[in-house]
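Undergrad: I have a structure I would like to understand better, so I am pasting it below and will then ask my questions one at a time.
The values are calculated or read from the model by the stated rules, or taken from the named source; none is laboratory data. This is a predicted model, so every value here is computed, not measured. Because the Cβ atoms are built from the backbone with ideal geometry, glycine has one as well, and the counts that use them run over all protein chains shown. Keep in mind that these areas ignore ligands, DNA and RNA; they rest on the heavy atoms of the full protein, side chains included. Shrake-Rupley method; radii C 1.70, N 1.55, O 1.52, S 1.80 Å.
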Amino acid sequence: MKNDNMDLLKKLDYDLGDMSKSNKQIAAYILENYDKAAYMTAAKLAEVVGVSESTVVRFACIEGFEGYPEFQSSLQELLKSKLTWVQRLYLAHPELPEITIKNAMKSDLKA
């Protein structure tokens with residue numbers, strides 16, 4: 001999709017009214033949680049939203065992407081422009097304790 005990443009959220013919001021019920025559920029979740037959705041697999045997003053994985057993949061295609069990985073990449077690029085590296089690290093690896101991230105930051109600042 002040759003589109004500015006900020007336009008992705010605007011496009012989803014614009015398209016919302018014309019979407020099927022399942023696609024509205026996906027779009028609404030992404031609009032409110034794009035920071036989390038960017039690091040979810042299609043299967044995980046489907047589970048969280050309550051639709052099938054194939055519905056998530058079709059949603060990405062309907063929105064102009066070749067597949068879910070390209071859609072996910074676009075969300076991740078959007079995040080890169082909006083979040084600090086610490087926030088991105090935490091979102092990518094929520095299993096890491098917050099203290100580990102803070103200690104890594106302190107270590108980087110001392111170096």
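Undergrad: Filter segment 52-69 for residues that are out of contact with any Asp or Glu (no Cβ under 9 Å at 6 or more places or on another chain), of a type outside the set (Gly, Ala, Ser) and open to solvent by 30 Å² or more (accessible area, probe 1.4 Å) and give the result.
TA: Of everything in segment 52-69, those that are out of contact with any Asp or Glu (no Cβ under 9 Å at 6 or more places or on another chain), of a type outside the set (Gly, Ala, Ser) and open to solvent by 30 Å² or more (accessible area, probe 1.4 Å) turn out to be Val57, Arg58, Cys61, Glu66, Pro69.
Undergrad: Taking Lys44 and the conditions (1) buried (at least 17 other Cβ atoms within 10 Å of the Cβ); (2) in a helix (DSSP H, G or I); (3) without any contact (Cβ under 8 Å) to a residue 40 or more places away in the chain, which numbered condition does it fall short on, given that it satisfies the others?
TA: Tallying (1) buried (at least 17 other Cβ atoms within 10 Å of the Cβ); (2) in a helix (DSSP H, G or I); (3) without any contact (Cβ under 8 Å) to a residue 40 or more places away in the chain, Lys44 fails exactly one: (1).
Undergrad: Taking segment 9-19, which residues are surrounded by 14 or more Cβ atoms within 10 Å (Cβ to Cβ), among the hydrophobic types (A, V, I, L, M, F, W, C) and part of a helix (DSSP H, G or I)?
TA: Across segment 9-19, the qualifying residues are Leu9, Leu12.
Undergrad: Give the residues of segment 20-40 that are without any contact (Cβ under 8 Å) to a residue 24 or more places away in the chain and surrounded by fewer than 18 Cβ atoms within 10 Å (Cβ to Cβ), sorted by residue number.
TA: If the condition is that a residue be without any contact (Cβ under 8 Å) to a residue 24 or more places away in the chain and surrounded by fewer than 18 Cβ atoms within 10 Å (Cβ to Cβ), then Ser20, Lys21, Lys24, Ala28, Leu31, Glu32, Asn33 are the ones that fit.
Undergrad: Can you tell me which residues in segment 57-104 are of a type in the set (Asp, Glu), at pLDDT 95 or above and not in a loop (DSSP other than H, G, I, E, B)? I'd like the intermediate steps shown before the answer.
TA: So in segment 57-104, the residues of a type in the set (Asp, Glu) come out as 63, 66, 70, 77, 95, 98.
Adding the requirement that they be at pLDDT 95 or above leaves 66, 70.
Result: Glu70, single match.
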